[in-house]
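Input: a single structure, listed below in structure tokens.
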Amino acid sequence: TYKILDVADLTVDGTMCTGGAVFIMLTMAGLPWPLALLGAFLAGMLAGLATGLFHTLCGIPAILAGILTQLALYSINLRIMGQANRPVNAVQYDLLISQRDVRVLGLHNPIFVGAIFVVLIIAVLYWFFGTELGSSLRATGANPNMARAQGINTNVSKVLGLMLSNGL
């Protein structure tokens, strides 16, 4: 958010934990990891939406809106998990990456799997920022006054950028 929108967002400190909590609870509920990962992404997007609405609709400065959402997420994370820590065993649950496979040179090595996943995310983001919506997001961060003069709703762009960054 800082590089693209020039908005200092501290919500990410809370959404990383929220995404992890949602992912673990959905995995423990029996969902396959791609759906659990999608659920974690959507939970992060909801937190970004809250920060964006605090900032754009309520007029709260972006850094303070991020701090408010971040602090609220600590309590929400505990509610999601039901307790402070939830151990997950790779034998019981189908996980994307397991630390026990680090020494194995192959497709199950978490470094290899993580690298492929990161390359895919970068490719999707590269494509997105080349679209008209992505360009409007970049224009909002570069010069919000000029973006407004070009007919871009900068409040929507800020909220969308916050949702995307917190979802990631």
Point to revise | Convex hull (Cα only) mean projected area of region 110-168, reported in nm² to one decimal | key: 4.3 nm²
Practice item. Report the calculated FRET efficiency for residue 143 and residue 58 (r = Cβ-Cβ distance, R0 = 25 Å), to the nearest 0.05. Key: 0.55
Revision key, fill the gap. Taking Cα atoms, the helix 62-81 axis meets the longest principal axis of the chain at an angle in degrees (rounded to 10) of 30 degrees
Point to revise | Size of charge dipole - region 1-100 - debye, nearest 20, with Cβ of Lys, Arg +1 and Asp, Glu -1, no other charges | key: 220 debye
Study note, to complete from the structure: Taking a probe of 1.4 Å and leaving out DNA, RNA and ligands, the chain shows per residue an accessible area in Å² of 61 Å²
Practice item. Work out from phi, with θ = phi - 60° and the Karplus expression 6.51 cos²θ - 1.76 cosθ + 1.60, the ³J(HN,Hα) of each residue of region 4-18, listed in order in whole Hz, and give x for Gly and Pro. Key: 7, 9, 6, 10, 7, 10, 9, 4, 4, 4, x, 6, 5, 5, 5
Point to revise | Exposure of residue 16 as accessible area (Å², to 10), given a probe of 1.4 Å and all protein chains | key: 130 Å²
Practice item. Collect residues whose amide H, placed 1.01 Å from N in the peptide plane, falls under 5 Å from the amide H of residue 10; neighbours closer than 5 in sequence don't count. Key: 66, 67
Check your understanding: Per-residue HN-Hα couplings for region 23-35, Karplus 6.51 cos²θ - 1.76 cosθ + 1.60 at θ = phi - 60°, whole Hz, x for Gly and Pro?
Key -> 4, 5, 5, 5, 5, 5, 7, x, 6, x, 4, x, 6
Check your understanding: When each pair of different Cα atoms in the chain is counted once in the 1/r mean, what is the Kirkwood radius in angstroms, to one decimal?
Key -> 17.4 Å
Study note, to complete from the structure: On the accessible surface of the chain, probed at 1.4 Å with all protein chains in place, carbon and sulfur together account for a percent value of 68 percent
**Study point:** Charge dipole magnitude, Cβ of K and R +1, D and E -1 - the chain, Cα centre, debye nearest 20
**Key:** 80 debye
**Study point:** For the chain: relative contact order, % (alpha-carbon pairs under 8 angstrom, 6 or more apart)
**Key:** 36 percent
Review point. Add -39500 (n - 2.57) for each DSSP H run of 4 or more in the chain, then divide by its residues: what number comes out at 222 nm, to the nearest 500 deg cm²/dmol?
Key: -22000 deg cm²/dmol
Point to revise | With Cα atoms, 0 to 90° folded angle of helix 154-167 axis to the chain main axis | key: 10 degrees
Review point. Mind listing the Cα extents of region 1-65 along all three principal axes, in Å, largest one first?
Key: 41, 23, 14
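The values are calculated or read from the model by the stated rules, or taken from the named source; none is laboratory data. Since we're looking at a predicted model, the values are computed, not measured. Note: ideal-geometry Cβ built from the backbone for every residue, glycine included; neighbour counts use all protein chains shown. Each accessible area value is taken on the protein alone, full model and side chains, heavy atoms only, with ligands, DNA and RNA left out. Shrake-Rupley method; radii C 1.70, N 1.55, O 1.52, S 1.80 Å.
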